[in-house]
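The values are calculated or read from the model by the stated rules, or taken from the named source; none is laboratory data. Note that this is a predicted model, so its numbers are computed, not measured. Note that we place each Cβ from the backbone using ideal geometry, even for glycine, and neighbour counts take in every protein chain shown. Remember, those area values only see protein heavy atoms, side chains included, never the ligands or the DNA or RNA. Shrake-Rupley method; radii C 1.70, N 1.55, O 1.52, S 1.80 Å.
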Amino acid sequence: QVHLVESGGGLVQAGGSLRLSCAASGSFFSINAMGWYRQAPGKQRELVATITNGDSTNYADSVKGRFTISRFNAKNTVYLQMNSLKPEDTAVYYCNARAIAVTTFLAYDYWGQGTQVTVSS
């Protein structure tokens with residue numbers, strides 16, 4: 001069982017920056033990967049960026065060169081630095097963690113409550 005809490009969302013003008021944070025807590029053996037997803041009104045949830053324990057990263061093409069994902073493993077925290085924001089980045093951003101259960105060693109996906117990011121033109 002993993003509880004994820006996001007923070008850092010808000011309203012920003014186009015070209016501005018925001019940094020999202022997500023901290024994981026609860027009972028788990030380890031977290032294999034964490035990531036950020038977003039969902040805009042009328043659209044499906046989509047991948048933004050992910051990062052593994054080995055610090056391998058994956059980004060959506062739409063955010064490459066603008067967003068950076070990073071981890072502080074000692075605190076089970078993931079960050080998303082968002083620069084050069086565009087109106088099309090407006091969405092609810094959700095934190096995701098893939099964690100290994102302490103008893104079964106099976107992986108499960110957990111989600112945060114989401115944080116709103118709004119970019120004005």
Q. Of the conditions (1) out of contact with any Pro (no Cβ under 6 Å at 6 or more places or on another chain); (2) open to solvent by 50 Å² or more (accessible area, probe 1.4 Å); (3) among the small types (Gly, Ala, Ser), residue 114 fails just one. Which one is it?
A. (2)
**Q.** So residue 74, is it modelled with pLDDT under 95 and open to solvent by less than 30 Å² (accessible area, probe 1.4 Å)
**A.** no
Q: Within the stretch 96-111, track down each residue that is aromatic (Phe, Trp, Tyr) and either under 17 Å from residue 73 (Cα atoms) or open to solvent by less than 20 Å² (accessible area, probe 1.4 Å) (or both).
A: 110
Q) Looking at 65, 114, 26, which one is without any contact (Cβ under 8 Å) to a residue 24 or more places away in the chain, on the phi > 0 side of the Ramachandran plot and of a type in the set (Gly, Ala, Ser)? A) 65
(Q) On the basis of being among the aliphatic types (A, V, I, L, M), out of contact with any Gly (no Cβ under 6 Å at 6 or more places or on another chain) and in contact (Cβ under 8 Å) with a residue 40 or more places away in the chain, does residue 99 make the cut? (A) yes
Q: Keeping to the stretch 17-44, report how many residues are loosely packed, with under 15 Cβ neighbours inside 10 Å and either in contact with a Pro (Cβ under 9 Å, 6 or more places away or on another chain) or in a loop (DSSP other than H, G, I, E, B) (or both).
A: 8
Q. Which of the residues spanning the stretch 46-61 are surrounded by 15 or more Cβ atoms within 10 Å (Cβ to Cβ) and part of a loop (DSSP other than H, G, I, E, B)?
A. 60
Q. Within the stretch 90-106, is even one residue among the polar types (S, T, N, Q) and not in a loop (DSSP other than H, G, I, E, B)?
A. yes
Q: Evaluate the stretch 6-15: report whether one residue or more is acidic (Asp, Glu), at pLDDT 95 or above, assigned to a strand (DSSP E or B) and open to solvent by less than 70 Å² (accessible area, probe 1.4 Å).
A: yes
Q: Mind listing whichever residues of the stretch 83-112 are over 11 Å from the mean Cα position of the chain (by Cα) and farther than 19 Å from residue 28 by Cα?
A: 83, 84, 85, 86, 87, 88, 89, 90, 91
